[in-house]
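Below: one structure, written as structure tokens.
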Amino acid sequence: MYLKSSILLMLLLLSLATILLSAQGREVPRVGFYSRSCPRAESIVKQTVQSHFKSDPTIAPGLLRMHFHDCFVQGCDGSVLLDGPSTEKTAGPNRGLRGWEVIDDAKTKLEAACPGVVSCADILALAARDSVVLTKGIDWKVPTGRLDGRISLASETSALPGFRDSMKVQKDKFKNLGLNTQDLVTLVGKHYITGGHTIGTTACQLFSYRLYNFNTTGNGDATDPTISPSFLSQLKSLCPENGDGAKRVGLDTGSENRFDATFFTNLKNGRGVLESDQMLWTDASTRSFVQRFLGVRGLRALNFNAEFGRSMVKMSKIGLKPAAKGEIRRICPAVN
């Protein structure tokens with residue numbers, strides 16, 4: 001009798017441990033998480049992104065930017081995808097996000113293939129990687145197994161780095177999420193406006209103050225002195241004073257449709273479009289990382305592609321939802 005009771009207790013404990021490990025498995029993403037539960041998950045997302053990219057290549061920076069904005073608010077839980085009043089979608093920094101239809105399309109296909117298995121947060125993380133690859137960037141292994149969150153608040157988007165943030169504020173925002181200065185320099189090639197400052201465009205209204213109204217005290221030149229003279233005239237011709245603020249301009253001049261390290265060369269030459277980008281060169285604490293990406297003699301060189309993949313994986317693990325606070329949404333814009 002005692003032996004039977006012991007065996008039953010052991011079986012019960014093993015069963016409980018299995019359940020707990022299963023739940024915890026969603027909390028700690030790993031490469032190949034869907035290899036058994038949905039073997040075609042990653043290929044379905046990849047094919048979906050490729051299909052949309054063929055008809056609209058600008059979708060790539062949109063998806064990369066969306067993943068960044070998702071992770072910096074509530075963690076990488078797909079909260080940016082939720083519809084509704086006062087959700088993250090409605091906040092100023094997110095009104096220009098694009099690529100929602102790509103995520104919805106991939107989710108529809110995945111629900112048909114593997115109902116209730118693949119989270120929207122994972123779809124977004126995979127789509128961001130696939131977007132970089134399509135723009136001739138690095139490929140990296142994306143850990144999967146995230147759960148979707150149920151909370152999305154516009155008020156929390158203040159955690160996103162802003163294009164007029166000081167370098168101290170930017171570093172603090174990254175540090176609050178466990179990201180260091182090197183991560184900042186690496187990922188700023190993708191934050192705030194494009195979801196990839198190495199690819200994509202921005203609007204004149206977000207940097208024209210640097211051209212015409214930089215010094216608000218009335219003393220000195222109204223132009224940002226960190227902009228090179230030749231680039232200043234180029235920007236002024238693209239964005240005339242009192243012109244169309246919505247007009248789009250390439251962020252990585254000369255390489256806006258290709259994912260590469262030209263972005264850092266532009267910073268060195270005073271050709272950063274956004275003030276927050278140019279600060280990476282003017283601030284001593286971040287300039288050394290820019291120089292290392294450029295292979296400046298005397299400094300240990302950094303490979304931009306390799307470091308970008310590493311920082312993306314690091315960022316993608318921010319704020320993972322435990323089983324009690326997450327779910328696998330049936331559709332990405334709404335909680336179950």
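Coordinate-derived values only; no laboratory data. This structure is a prediction, so every number in the text was calculated from the model and none was measured. For neighbour counting, all protein chains shown are included, and Cβ atoms are generated from backbone atoms with ideal geometry for every residue, glycine included.
In sequence order, what are the phi-derived ³J(HN,Hα) couplings for segment 323-330 according to the Karplus relation 6.51 cos²θ - 1.76 cosθ + 1.60 with θ = phi - 60°, rounded to whole Hz, with x for glycine and proline?
Karplus values, whole Hz, x for Gly and Pro: 4, 5, 10, x, 7, 9, 5, 6.
Mind checking which lysines have their C-alpha under 17 Å from Lys107, skipping anything on the same chain fewer than 8 residues away?
Partners found: Lys46.
What are the ³J(HN,Hα) couplings of segment 70-81, residue after residue, when phi is run through the Karplus curve with 6.51, -1.76, 1.60 and θ = phi - 60°? Round to Hz, x for glycine and proline.
Whole-Hz 3J(HN,Hα) from phi for segment 70-81: 5, 5, 7, 10, 6, x, 7, 10, x, 5, 5, 7.
Would you mind getting me the FRET efficiency between Cys114 and Leu238? Use the beta-carbon distance for r and R0 = 56 Å, nearest 0.05. Walk me through the numbers on the way to the answer.
Details: r = 47 Å, r/R0 = 0.83.
For Cys114 and Leu238, the calculated efficiency is 0.75.
Over segment 227-336, what is the relative contact order in whole percent, taking alpha-carbon pairs under 8 Å and six or more residues apart?
Normalised by residue count, the contact order of segment 227-336 is 16 percent.
For a quick check: with amide H placed at 1.01 Å from N, whose amide H comes under 5 Å from Thr144's, ignoring anything fewer than 5 positions away on the same chain?
Arg30, Val31, Gly32, Phe33
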